[in-house]
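Presented below is the structure to which this report refers.
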Amino acid sequence: MPTAPILITGASQRVGLHCAERLLDDGHPVIISYRSEREGLERLRERGALTLFADFSDEAGILAFIAVLKKHTDALRAIVHNASSWQADTPGQEAQAFAQMVSVHMLAPYLINLHCADLLHASPQADIVHISDDVARKGSSKHIAYCATKAGLDSLTLSFAAKYAPRIKVNGIAPALLMFNEDDDAAYRAKTLAKSAMGIEPGPQVVYQSLRYLMDNPYVTGTTLTVNGGRHVK
């Protein structure tokens, strides 16, 4: 029996793209959602991944994506909620930014988990994995809305784990710094690396390793893995 595909949202670049490519390396069929056309998408398409446009900024866009997804598959091995929106708490635009991040970080996973449970039940093994953020552990005075909506995603992990047990495992991954941007200067890099006990830029593979662990372990649900290089002990 063919393995059902794994859905990764927001997988056109960085961590999501890396995980999609690694899953393909391991022989898993992959479906990804994307908001913007990027060069990584063509690599995925060439390797047989199905790429679906999605706008998770409001309910209509989320439900439209679910409808299109169900036209392409009747089963899913896993759903990896990687799509993310980072917006600053800009004076005068706070409500708009907060609402959009609620939609991407909470409403989209909530609705997709509810409306795609039938697809997961069609697979012998099934997982939901929410990609959160280590910042939700302690809060952030500079990025309050972002942090709050990622904390909401952590709460969804607990609630859906209880709702869907034992048939579907639901877990989270909460990474801190994984990859610098090309334009990050040396001072910023040094300051950021000093925040963790390990003091390294680990790269996206640590998220894939965590994803594999959660999918492969039959006895873990309702857990969010902290992948932060020991920031909480520094």
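Using modelled backbone amide H atoms (1.01 Å from N, in-plane), which distant-in-sequence or interchain residues come within less than 5 Å of Gly10's amide H?
Answer set, sorted by chain and number: Ser33, Tyr34, Ala83.
Tell me, what does the Kirkwood hydrodynamic radius of segment 101-234 come to in angstroms if you use every pair of distinct C-alpha atoms?
Values: mean 1/r = 0.0628 Å⁻¹.
That comes to 15.9 Å for segment 101-234.
Taking 0.36 nm per residue of separation and subtracting the Cα-Cα distance, what length does fully extending Lys71 through Arg38 add? Walk me through the numbers on the way to the answer.
Numbers: separation 33, 0.36 × 33 = 11.88 nm, distance 2.39 nm.
So the extension gain works out to 9.5 nm.
Ignoring the sites themselves, what is the longest stretch of the chain with no chymotrypsin sites (Phe, Trp or Tyr not before Pro) in a DSSP loop and at most 14 other beta-carbon atoms within 10 Å?
On the way: sites that count: Trp86, Phe180, Tyr219.
That gives 87-179 as the longest site-free run.
Defining a contact as two alpha carbons under 8 Å apart and six or more residues distant in sequence, what relative contact order in percent does the chain show? Please report the intermediate quantities before stating the final value.
Details: 415 pairs, mean separation 41.9, N = 234.
Relative contact order of the chain: 18 percent.
Can you list the residues, at least 5 places off or on another chain, whose amide H is less than 5 Å from the amide H of Ala174, using H built in the peptide plane?
Ser132, Leu225, Thr226, Val227
Which pairs, out of Lys71/Lys163; Lys191/Lys234; Lys71/Lys150; Lys169/Lys195; Lys150/Lys195, put more than 22 Å between their alpha-carbon atoms? Can you show the working numbers first?
On the way: Lys71/Lys163 26 Å; Lys191/Lys234 13 Å; Lys71/Lys150 30 Å; Lys169/Lys195 32 Å; Lys150/Lys195 20 Å.
Exceeds cut-off: Lys71/Lys163; Lys71/Lys150; Lys169/Lys195.
Kindly provide the helix-only [θ] at 222 nm of the chain, computed as the sum of -39,500 (n - 2.57) over DSSP H runs of four or more divided by all residues, to the nearest 500 deg cm²/dmol? All intermediate terms of the calculation are to be shown ahead of the outcome.
Details: 9 runs with 97 residues, N = 234.
Helix-only estimate at 222 nm: -12500 deg cm²/dmol.
Please rank His81, His72, fewest neighbouring Cβ atoms within 10 Å first, as an exposure proxy. Numbers along the way, then the final one.
Details: His81 28, His72 10.
So the residues, fewest neighbours to most, are His72, His81.
Return the whole-Å distance between the Cα centroid of segment 53-103 and the Cα centroid of segment 213-234.
Spelled out, the Cα-based centre of one part sits 24 Å from the other.
Just need the relative contact order of segment 100-196 here, percent rounded to a whole number, with Cα pairs under 8 Å and 6+ apart. Present the calculation step by step, with values, prior to reporting the outcome.
Details: 92 pairs, mean separation 31.5, N = 97.
Dividing the mean separation by the residue count of segment 100-196 yields 33 percent.
Of the chain, which part is the longest with no GluC sites (Glu not before Pro) in a loop (DSSP not H, G, I, E, B) and with at most 14 other C-beta atoms within 10 angstrom?
Values: sites that count: Glu37, Glu182.
My reading of the result: 38-181 is the longest stretch.
In straight Cα distance, which aspartates and glutamates are under 20 Å from Lys138, not counting same-chain residues fewer than 8 positions off?
Cross-link targets: Asp89, Asp154.
No value in this document is a laboratory result; all are computed from the given coordinates. Just so you know, these numbers come straight off a predicted model, no measurement behind them. Virtual Cβ from ideal backbone geometry, glycine too; neighbours counted across all protein chains shown.
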